[in-house]
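A.B. asks: Here it is, the structure, as structure tokens.
Just so it is clear, none of the values below were taken in a lab; they were calculated from the coordinates. Everything numeric here is computed off the predicted structure, so don't read it as measured data. For neighbour counting, all protein chains shown are included, and Cβ atoms are generated from backbone atoms with ideal geometry for every residue, glycine included.
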Amino acid sequence: MLKDKTLDFIARMPKVELHLHLEGTIQPTTAIELMRRNCAKNAPRTVEELLKIYDFQDLSHFVRAMKIVSNHITRLEDLDRVCSEMLEECARQNTRYLEFDCALQKYIDLGMPLSDVVAVLDRAVQAAEVRYGILARMVVNLQRSHGDEKTANLVKEIARLNHPLIVGVGLSGDETQYPQKEFINTFAIAREAGLRRTVHAGEALGSQSVWDALELLHAQRIDHGTRAIEDERLVRHLVDAQIPLTQCLTSNLRLNVVSAVKRHPFALFFHSGVLVTLNTDDPQIFQTSLTGEYELAYRAFGFSEQELQRIAHNGIKASFLPEEARGHMLQRMEPIALADCEKN
Ligand SMILES: [Zn+2]
């Protein structure tokens, strides 16, 4: 059978990732080593055993699976390893720019000083920039289950730290239990401090949660936003205001937001003029990769190579980089020669 040349194009194409949780990127061997070092109960001995933990059926099982593994990041050196390996994997996917989300509060609660955590991550990011030419910035994760007071305090601390690695904050967690309106205070502080804002919305809940993220929290980007498709007026608003959606096909499929990839509204959004981007969310847990997500979109929706490239470029337009840096990054998004790609 002839090899589809578009698949080669997708592999080589420079990409951008804006919806990637550091804790969902732990490489299998690293996960096993950390769990065994920490004497975790029933720690897996093989990758096959680890994958059984990730074989979840629903959202609550998924949250449990994520914690079972990521709770074993307990030292600064673990963070360095996980972050460095995440960046190495992004380079393999030909990702040129990424904004990764990190659950900083988790590490502060373990007794690690905020400035040390950010310094370790920054060192890994700078090393990857030199080694792979990949540029990365961080979006600080705000966990809904922590409540407004704790998330507001974290925002105040990161505003005080004022570190160039941190470009914004992102709210995630169960939107059915903790609605957007509970975080108005936190997001007002972030806005005041000049931090960019993204919110997970329209995943478990319908379009109202996206409206609330925009109107109550002044979100500048929506993570997922899949169910915005249920509201024509909202889709028009997303187009008019050019509010980006960071979409994750496999994640939505695995967590039953859609029943099949072909039923995902990604292509509808794209053809309506919504600024959509493709992302992996938690690639190790969902067993996917950024190249894999582009292949999935290509096979399900028949995008042309030009359209796939436009989706990648949308990632730069949707990024939290300053205007000037965006222009510079767009220039670095030209496809690279196959020979260069094979060196990676
Ligand atoms: Zn997410």
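A.B. asks: Expressed as a rounded percentage, what relative contact order does the chain have, with Cα pairs under 8 Å and six or more residues apart?
C.D. replies: Once divided by the residue count of the chain, the mean separation gives 21 percent.
A.B. asks: Something else: Expressed in nm to one decimal, what extension gain is obtained for the pair Ala241 and Lys181 from 0.36 nm per residue of sequence separation less their Cα-Cα distance?
C.D. replies: So the chain would gain 19.5 nm between Ala241 and Lys181.
A.B. asks: Projected area of the stretch 1-86, taken from the Cα convex hull and averaged over every viewing direction, in nm²?
C.D. replies: Computing the convex hull of the Cα atoms and averaging its projections yields 8.2 nm².
A.B. asks: Among Ile229, Gln93, Leu216, pick out the residue whose Cα is farthest towards the positive end of the charge dipole of the chain, where Lys and Arg carry +1 and Asp and Glu carry -1 on C-beta, about the Cα centre.
C.D. replies: Gln93
A.B. asks: For the stretch 29-72, build the charge dipole from Cβ charges (+1 Lys, Arg; -1 Asp, Glu) around the Cα centre, then report which of His72, Leu51, Phe62 sits farthest towards its positive end.
C.D. replies: Positive-most Cα among the choices belongs to His72.
A.B. asks: Restricting to DSSP H runs of at least four residues, report the calculated mean residue ellipticity at 222 nm for the chain, -39500 (n - 2.57) per run over all residues, nearest 500 deg cm²/dmol. Spell out each step's value before the answer.
C.D. replies: On the way: 18 runs with 178 residues, N = 344.
Here the helix-only value at 222 nm equals -15000 deg cm²/dmol.
A.B. asks: Taking only the C-alpha atoms, wrap a convex hull around the chain and report its volume per residue in Å³ as a whole number.
C.D. replies: Taking the convex hull of the Cα positions in the chain, it is 138 Å³ per residue.
A.B. asks: Then there's this: Beta carbons within 10 angstrom, averaged per residue: use that to sort the peptides 135-146, 162-173, highest first.
C.D. replies: Going from most to least packed, we get 135-146, 162-173.
A.B. asks: Kindly provide the Kirkwood hydrodynamic radius of the stretch 72-176 in Å, to one decimal, from all pairs of distinct alpha carbon atoms.
C.D. replies: Averaging 1/r across every pair of different Cα atoms and inverting gives 14.3 Å.
A.B. asks: Note the full-extension length gain between Ala325 and Glu232 as 0.36 nm times their separation in residues minus their Cα-Cα distance, in nm to one decimal.
C.D. replies: 30.1 nm
A.B. asks: Continuing with the same structure: At Cys39 and Gln57, where each label point lies 7 Å from the Cα along Cα→Cβ, what is the point-to-point distance in nanometres?
C.D. replies: Taking the two extended label points, one gets 3.3 nm.
A.B. asks: When every alpha-carbon pair in the stretch 29-72 is counted, what percent end up more than 12 Å apart? Can you show the working numbers first?
C.D. replies: Working: 534 of 946 pairs.
Percentage above 12 Å: 56.
A.B. asks: Taking the Cα centre of the chain as origin, sum charge times position over the Cβ atoms of Lys and Arg (+1) and Asp and Glu (-1), and report the length of that vector in debye to the nearest 20.
C.D. replies: Details: 40 positive and 47 negative charges, 43 e Å.
Around 200 debye, computed over the chain.
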